[in-house]
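The values are calculated or read from the model by the stated rules, or taken from the named source; none is laboratory data. Here the structure is a predicted model, which means the values were calculated and not measured. Here the Cβ is made from the backbone with ideal geometry for all residues, glycine too, and neighbour counts use every protein chain on show. Heavy atoms of the whole protein, side chains included, go into the accessibility calculation; ligands, DNA and RNA do not. Shrake-Rupley method; radii C 1.70, N 1.55, O 1.52, S 1.80 Å.
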Amino acid sequence: QLQASGGGLVQAGGSLRLSCAASGRTFINYALGWFRQAPGKEREFVGAISWSSGSTYYADSVKGRFTISKDNAKNTMYLQMNSLKAEDTAVYYCAVGRRTLTIATTAPSYDSWGQGTQVTVSS
């Protein structure tokens, strides 16, 4: 149902925009989230957006550098990543929150995980 794309190789300080295209359902009253997982590490919350209100919430590690937005008509969520650092290197995933009207920050609180997209930041 979800497909993440837009990853690639970028130099430190650069920018990338990831997309998460959804099909087969609507997300009214749900949150969509971005997570990332680096080799040997647990899946980490990056940020999320309420599909109904557009409210966003970010992990401290990306606050001020990353921005989540959505296009209702395209049923697509975006992750604009600026000022990228080497430590942002990971596979990035999008997912749908399990509970309505809630923005959760833990991976078990999400399902319908999309296929990830690799982001590599060279220092």
* Asked: strands (runs of 3 or more DSSP E) wholly in the stretch 62-123 with at least 3 residues that are open to solvent by 40 Å² or more (accessible area, probe 1.4 Å) and modelled with pLDDT under 95 - which ones?
  -> none
* Members of the stretch 16-27 found to be outside any strand (DSSP E or B) and open to solvent by less than 60 Å² (accessible area, probe 1.4 Å), listed by number -> PHE27
* To do: Give TYR57, TYR78 a once-over and let me know the one that is of a type in the set (Phe, Trp, Tyr) and touching a Gly at 6+ places or on another chain (Cβ under 8 Å).
  => TYR57
